Amino acid sequence: MKDRHYERPLSDLVSAHLRASGPAFHGITYERLRGERTVRLSLPRPFMPFADGAPTPSGKVEFYSETLARQGLPPLPTTFPSGRARTIRRSPSATPSAVTCRRTASS
């Protein structure tokens, strides 16, 4: 059975994702991304996401994360050689700080 979701045009998929992505994406459209190439998220200035505490067990920003260590991930901020970063599992709740629309060979 084919997944008909991926038969939709890229512009429709991106537009649907942006509409469902919450208030930080307000005013960001596929057309705007194509035209401007990069768009700042709709976040307050200054953006202070941890003013009332971080989403960690201690409530503080943690440089060493026991939670990540228990998941078998690097517990400290880490850099990776080019290409290696794509193999690291990402948190589904991670939020990007910028959205870009890069032209690829197929677009």
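None of the figures in this text is laboratory data; all of them are computed from the coordinates on show. Remember, predicted model here, so these are calculated numbers, not experimental data. Here Cβ is always computed from backbone atoms with ideal geometry, including for glycine, and neighbour counts include all displayed protein chains.
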Discussion item. Please list, ordered by chain and number, the residues whose modelled amide H lies under 5 Å from the amide H of residue 39; skip anything fewer than 5 residues away on the same chain.
Written reply: 99
Discussion item. Could you check the spin-label model distance between residue 65 and residue 6? Points 7 Å from the Cα along Cα→Cβ, value in nm.
Written reply: 2.8
Worksheet item: Expressed in nm to one decimal, what extension gain is obtained for the pair residue 48 and residue 24 from 0.36 nm per residue of sequence separation less their Cα-Cα distance?
Response: 7.3 nm
